[in-house]
Amino acid sequence: MINLLENISLKKFNTFGVEARTRYFASFTTYDDLKNLILSSHPAERQHLVIGGGSNLLFTKDFDGWILHNEIKGMKVTKETANEVFIKVGGGENWSDFVDFTVEKDWYGLENLSLIPGTVGAAPVQNIGAYGVEQKDAFVSLEACNLITGKICQFNKLECDFGYRHSIFKGDEKGKWMVLNVTYRLQKNGELHIDYTPLKKFFQEKPFNQISVKALSEAVKNIRRSKLPDPEVMGNGGSFFKNPIITKKAFQPLQEKYPDIPFYELKDNKVKLAAGWLIDQSGWKGKSMGQAAVHDKQALVLVNLGNASGLEILELSNAIAEDIYNKFGIQLEPEVLIL
Ligand code: EPU
């Protein structure tokens, strides 16, 4: 089924809850509908933006093209062995519902990614991650539709070129594809990841062999609820900036000056810093500019206090980035897509 609309508000299609309009909006439930839609418009007019749950987007102006909203549903086990399950999931499925489904089955792999807003189709695009796990760890392959030709192509893990909040769909292939479905490999008897400090603290008293997939998922949900605002209550797009990655050499003087600075060592003599800590240290937590504010429990999250425009949120983010650059010499990059 296809649903075509013209000149509509995008307010309920972005979790920041900001006002913006799109010239055309199309949602569809099958690949054939999407293909017909693509092929019925002139190639020169194929200005498309694919949206999932709108949880990683900041609209700062109206959109003069087609917004494509994937509503392809379905979860199907395609292969099952004594230890593993392969599951193919429609790109329009809600990510958090999908994770809950796997947790209920007691399958290992996605429990640390519980309660992340957005859709399954968007998950590989920015390689979502939390609490020491990224979706790439369970990823097998995806099928995507080319937005110019309407043809389907399969991408395996290597071809997706996953990195920290990155894939080929944010790089060389940006804007060219719509993810139709994703296949994940889950374990029936796997390993639980509780190295992340708040999780370790949560399970302090409990022997490791007594922690279940379900208990870990619940712990993740509790931690998220305590730090991250619910978009239904207060508009936001999760972490606004990426955690910056710098060289060990550039990190040394920072560590001398700020001995408590949290960091995470990466390969190739690189270090990942916590943007939230840098912003917090600079006194931004809880601060507001007009209707845009820095969340009072997690400084990496910018929130809409009620009636913020996208531009207001952008201005706040620019002021923060400039301040961080002046104080620490580090250029923060947005994690959300700014349009
Ligand atoms: N911190 C502060 N003050 C703050 C926020 C953080 O001092 O206001 C410090 C914390 O104490 C901690 C460090 O910064 O030492 C890291 O903070 P936290 O563990 O909360 O995680 P994060 O680095 O801010 C990242 C992801 C989140 C993900 C969490 C948990 C990015 C951009 N963000 O946040 O992902 O849930 O780790 O794994 O990588 C998202 O992408 O939208 C998102 C929420």
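The values are calculated or read from the model by the stated rules, or taken from the named source; none is laboratory data. Everything numeric here is computed off the predicted structure, so don't read it as measured data. Cβ placement follows ideal geometry from the backbone for every residue including glycine, while neighbour counts extend to all protein chains displayed. We work out accessible area using only protein heavy atoms, side chains counted, and drop any ligands, DNA or RNA first. Shrake-Rupley method; radii C 1.70, N 1.55, O 1.52, S 1.80 Å.
Across the stretch 206-218, a minimum of one residue is classified as out of contact with any His (no Cβ under 6 Å at 6 or more places or on another chain), closer than 24 Å to GLU335 by Cβ and not assigned by TED's automatic domain parsing to the domain that holds GLY118. Quickly run through the stretch 26-43 and pick out the residues that are closer than 11 Å to ILE2 by Cβ and of a type outside the set (Lys, Arg). If the condition is that a residue be closer than 11 Å to ILE2 by Cβ and of a type outside the set (Lys, Arg), then ALA26, SER27, PHE28, THR29, THR30, ASP32, ASP33, LEU34, ASN36, LEU37, SER40 are the ones that fit. If you go through the stretch 114-141 and pick out every residue that is among the hydrophobic types (A, V, I, L, M, F, W, C) and either at pLDDT below 95 or over 15 Å from GLN187 (Cα atoms) (or both), you end up with 8. Only a single item in (1) closer than 30 Å to ALA292 by Cβ; (2) open to solvent by 20 Å² or more (accessible area, probe 1.4 Å); (3) without any contact (Cβ under 8 Å) to a residue 24 or more places away in the chain is not met by ASN94, and it is number (3). The residues of the stretch 20-58 that are over 18 Å from GLY121 (Cα atoms), in contact with a Gly (Cβ under 8 Å, 6 or more places away or on another chain) and modelled with pLDDT of 95 or more, listed by number, are ALA20, THR22, LEU58.
On the stretch given as the stretch 268-325, residues that are assigned to a strand (DSSP E or B), open to solvent by 20 Å² or more (accessible area, probe 1.4 Å), without any contact (Cβ under 8 Å) to a residue 60 or more places away in the chain and under 29 Å from GLY163 (Cα atoms) total 1. In the stretch 129-149, the residues that are in contact (Cβ under 8 Å) with a residue 60 or more places away in the chain form Cβ pairs under 9 Å with partners that are β-branched (Val, Ile, Thr) and within 13 Å of the ligand (Cβ to nearest atom), at six or more places apart or across chains, as follows: ALA130/ILE116; ALA130/VAL220; TYR131/ILE194; TYR131/VAL220; TYR131/ILE223; GLY132/ILE194. When the stretch 127-175 is limited to residues that are farther than 18 Å from GLY109 by Cα and among the β-branched types (Val, Ile, Thr), the one that is surrounded by the most Cβ atoms within 10 Å (Cβ to Cβ) turns out to be ILE168.
Selection of the stretch 28-85 for residues being open to solvent by 30 Å² or more (accessible area, probe 1.4 Å) and among the β-branched types (Val, Ile, Thr) yields THR29, THR30, VAL50, THR60, VAL77, THR78, THR81. All conditions in (1) under 22 Å from the mean Cα position of the chain (by Cα); (2) more than 30 Å from VAL303 (Cβ to Cβ); (3) of a type in the set (S, T, N, Q) hold for ASN3, with the sole exception of (1).
Of all the residues in the stretch 195-228, those that are within 14 Å of the ligand (Cβ to nearest atom) and either open to solvent by 20 Å² or more (accessible area, probe 1.4 Å) or without any contact (Cβ under 8 Å) to a residue 12 or more places away in the chain (or both) number 14.
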